[in-house]
Ligand SMILES: Nc1ncnc2c1ncn2[C@@H]1O[C@H](COP(=O)(O)OP(=O)(O)OP(=O)(O)O)[C@@H](O)[C@H]1O
């Protein structure tokens with residue numbers, strides 16, 4: 001079922017929670033609504049569900065205009081963060097609930113309901129727990145039951161609000177994979193809310209990045225990461241380090257630190273301009289001396305092994321940055337250099353994005369190919 005959202009807006013009192021926004025969701029697509037707290041994700045999801053009315057605009061499911069339809073007539077499935085299972089009902093009764101409350105003429109027979117519940121429990125691989133009560137389940141199991149319950153009435157649209165928010169990292173990951181598999185197998189259309197960028201990038205066909213009640217960018221995960229169209233998206237999607245630079249003699253300077261401008265900036269209209277360089281945490285060389293390309297001294301304040309990499313937290317020496325810098329190194333590179341807390345090191349960017357103070361579009365920089373190219377935007 002495709003979903004068309006057209007000029008939807010919402011205010012609470014004087015507060016504009018959603019500015020008029022539009023979004024086209026294809027049948028069978030999985031869409032992640034990603035954004036910081038308060039950006040309007042849940043409000044948008046609730047409006048799609050019919051749990052909240054919009055002030056303006058129109059919503060269509062396939063050919064059906066559902067703008068003024070009651071939640072129960074929209075035929076969507078919901079899953080919320082806090083499971084919301086009925087505590088006094090067994091797992092099987094929880095899953096059957098949506099079917100039991102259907103009007104008599106739509107309700108399947110008792111035998112059919114039983115069969116469907118067992119099938120759903122098989123699908124979420126929990127049929128052996130059919131007679132347990134929610135209090136006897138783990139968080140991950142409860143959430144899978146909540147999903148089975150949401151799917152019982154065979155909705156064509158599934159809406160999920162931080163479905164895995166309350167679970168630990170490992171279970172989250174497993175459930176993510178499992179949900180994606182189920183989505184592909186059953187072919188429903190899903191919209192889920194998350195503030196976890198990894199979750200959004202891993203699970204979604206397209207990600208909708210929101211801030212302050214607006215849609216900042218809509219794109220496939222790879223494209224979003226490679227071509228953020230604003231500082232906000234860049235910042236939100238990946239541990240960016242920001243270098244504020246003023247141009248002098250072919251370099252960006254910040255007090256004692258400097259970075260050589262890459263070739264090609266002029267053609268892109270960003271030559272000899274002051275602005276900010278955004279550099280992701282893995283886009284650096286590190287060394288014990290400055291290089292011909294950059295003199296960026298930093299002091300190591302923390303060393304944290306994170307999976308396959310080591311994250312160094314660093315503060316600038318004799319130059320200014322508002323944030324702690326983070327650099328991710330493969331273990332090999334880290335071991336070779338034997339970095340220690342308190343030590344001074346130098347970083348040299350390999351690639352980054354340049355946002356000139358007077359420009360709206362970023363320029364993609366690549367010192368390795370000595371090029372600056374216009375970042376493609378959605
Ligand atoms: N019923 C309400 N009455 C008043 N303000 C509300 C109401 N619901 C939401 N808001 C406000 O609207 C804004 C958007 O809220 P929303 O819950 O959609 O954000 P969110 O992006 O889902 O945030 P979170 O990730 O924290 O859940 C917030 O500033 C919130 O305080």
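What follows is calculated from the coordinates using simple rules that are stated; it is not laboratory data. Because the structure is predicted, anything quoted here is derived from the model rather than measured. Neighbour counts run over all protein chains shown; Cβ positions are idealised from the backbone, glycine included.
Side notes on the structure shown:
- As a calculated quantity, the FRET efficiency between residue 127 and residue 70 at R0 = 35 Å, using C-beta atoms, amounts to about 0.55.
- Alpha-carbon gyration tensor eigenvalues x 5, square-rooted, for the range 3-226, Å: 29, 21, 15
- Label-point separation, residue 118 to residue 58 (7 Å along Cα→Cβ), nm: 4.7
- Relative contact order (%) - criterion: Cα under 8 Å, at least six apart; region: the chain: 15
- Most mobile listed residue (77, 213, 264) in the chain, GNM with C-alpha springs under 10 Å: 264
- For the chain, the extents of the C-alpha atoms along the principal axes are 80, 46, 37 Å, listed from largest to smallest.
- Sites residue 324 and residue 102 - FRET efficiency at Förster radius 51 Å, r taken between beta-carbons, to 0.05: 0.40
- A simple spin-label model places pseudo-atoms 7 Å from Cα toward Cβ; at residue 274 and residue 358 they are separated by 1.2 nm.
- For the range 189-233: relative contact order, % (alpha-carbon pairs under 8 angstrom, 6 or more apart): 27
- Backbone N atoms of the range 293-314 closer than 16 Å to the 7 Å Cα→Cβ label point of residue 266 are not found in any residue.
- Length gained when the stretch residue 251-residue 135 is fully extended (0.36 nm per residue, less Cα-Cα span): 35.5 nm
- Ordering of 9-17, 117-125 by packing is 117-125, 9-17, highest average first (other Cβ atoms within 10 Å, averaged per residue).
- Neighbour counts of C-beta atoms inside 10 Å place 70, 331 in the sequence 70, 331, starting with the fewest.
- Contact order normalised by residue count of the range 139-211, Cα under 8 Å, 6+ apart, percent: 35
- Equivalent-ellipsoid semi-axes of the range 239-374, from the Cα gyration tensor, Å, largest first: 26, 15, 13
- 0 to 90° range, to nearest 10: angle between helix 139-151 axis and the chain longest Cα axis: 60
- Cα-based helix-to-principal-axis angle, 169-186 vs the chain, degrees rounded to 10: 60
- Of all DSSP beta bridges in the chain, antiparallel share, percent nearest 5: 80
- Three-way shape label, the range 290-334, alpha-carbon gyration tensor, a/c 1.5: oblate
- Spatial separation of Cα centroids for the range 1-78 and the range 275-337, in angstrom: 42
- Distance between the modelled labels on residue 331 and residue 24, one decimal in nanometres: 4.8 nm (7 Å Cα→Cβ projection).
- Calculated FRET value between residue 205 and residue 6, using beta carbons and R₀ = 25 Å, to 0.05: 0.75
- Relative to the longest principal axis of the Cα atoms of the chain, the long axis of helix 91-100 makes an angle of roughly 70 degrees.
- Computed lengthening from residue 109 to residue 292, 0.36 nm per intervening residue step minus Cα-Cα distance: 58.2 nm
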